[in-house]
1. Using the number of other C-beta atoms within 10 angstrom as an exposure proxy, rank Trp406, Trp319 with the fewest first.
2. Using only DSSP helix segments of four residues or longer, with each worth -39500 (n - 2.57), what per-residue ellipticity at 222 nm results for the chain after dividing by its residue count and rounding to 500?
3. How about the range 1-108: which trypsin sites (Lys or Arg not before Pro) there are in a DSSP loop, with at most 10 other Cβ atoms within 10 Å of their Cβ?
4. If neighbour count is taken as other Cβ atoms inside 10 Å, put Glu166, Glu146 in order from fewest to most.
5. Taking the radius of gyration and the Kirkwood hydrodynamic radius from Cα positions alone, what is the Rg/Rh ratio for the range 265-370, to two decimal places?
6. In whole percent, what relative contact order does the chain give with Cα contacts below 8 Å and a gap of six or more residues?
7. What fraction of the Cα pairs in the range 1-149, stated in percent, has a spacing above 28 angstrom?
8. In the chain, what percentage of the DSSP-assigned beta bridges are antiparallel, given to the nearest 5?
Amino acid sequence: MQFNFIDGGVTAAEGFTANGILNHIKASRKFNDTALIYSERLCNAAGVFTQNRVKAECVKLDKAHIENGKAQAIIANSGNANACTGEEGYRNAEKEAVAVAAKLQINSDDVLVCSTGVIGQQLPVEKIISGIDTLADGLSKKGHEEARIAIMTTDTHYKEVALETEIGGKKIRMGTMAKGSGMIHINLGTMLGFITTDCAISSEMLEKALRKSVAGTYNCVSIDGDTSTNDTLLILANGMAGNTEITSEGEDFEKFVEALNALNTQMAMKIAADGEGATRLVTCNVVGADTVENARGLAKAVICSSLVKAAFFGADANWGRILDAMGYSGFNFTPEKTSVSFVSRAGAKRYFENGKQNGGEEKKIKVFDHGVPLNFDEDLAKKILLEEAVDILVELEDGEAKGTAWGCDLTYDYVKINGDYRT
């Protein structure tokens, strides 16, 4: 299936506009902190949310609002998580939805509300409400540029992707933006993410597609092993592409999932590359497993290991930590038939566009072969591991399934960033 990656983020699809402004939710903030995404038509909608037992008040509200599979606008803020704030926090989220709905002349139940930032402080909702006129009046196709930075916290790069493809004989577009840098783990693996599309697809199939895609993308990212109270990934589909609505599984549904996977894979990699304090993107590819579940589980175990992450920070080819993580993961593999290699491309950056690592010659070194350690060139291994984007290739002989997970190294700066995050 052919995809053309395009500009536009969440406004690339027909009928969607966005904007972002600074409401001074956090006194020290110097750039936009409130974003709005709007569809001129009511959308079919779906979402996946944090698996943390402690859920932000906005998450509770969104789960209620999206239960009917409909939405038309999303308002999101950074600087305050509105988590662990009780009934007052829930009422504040409701106030945002009501204010946005009144301005846009839509139903308040069709407004989704998201927050990210410090946990345990009441949201200064009046600041947000006072800016809604400006926020809504500035909605535009170019507004994705303002919106994409409004949701950032410790992110060093904004994160967005858009693509176009053909489904049902019609050109459809799909775009997304997300934030995520810390408190990222495999139980959703992002703090806030929004996907928009003009494809016509029912709410039921939209949710099925989202959950299917998340399993191999966002749920395969780990930065620090912490799952946020606010994790939210939303998708809105307004049907303006004019294709026959996808209401069941089949060729068009599979094409939609393929496009969604392409989009979400890009975002998963961007989030992993921008882990707090990170100096390199680490990808673990497991091939030859007996099931996809085992392949992904093994890859995740490697990426989640603090010892593996620390080794990558030091560019130390300590492959034993990889085998150790796989061994305690609980997922099936045969150690005696396992091989491990490190792979990188000279000059490839961990930040990239549309999955293209524009680097030089690929270098690969095998360090473990069929259960036996190899005498390898330590200097070459060091050179490979010092690149900004490094792959761990785990080759098994248990089947034909494969899985990928993304993470980053563990650095001194991670501790510095999180040591005084609140203050």
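1. Sorted ascending by nearby Cβ count, the order is Trp319, Trp406.
2. Helix contribution divided over all residues of the chain: -9500 deg cm²/dmol.
3. Lys30, Arg53
4. Going from sparsest to densest Cβ surroundings: Glu166, Glu146.
5. 0.95
6. Relative contact order of the chain: 17 percent.
7. Counting pairs separated by more than 28 Å, the tail of P(r) holds 15 percent.
8. 75 percent
Every number here is computed from the coordinates shown, using simple stated rules; none is lab data. No experiment lies behind these values; they were computed from the predicted model shown. Here Cβ is always computed from backbone atoms with ideal geometry, including for glycine, and neighbour counts include all displayed protein chains.
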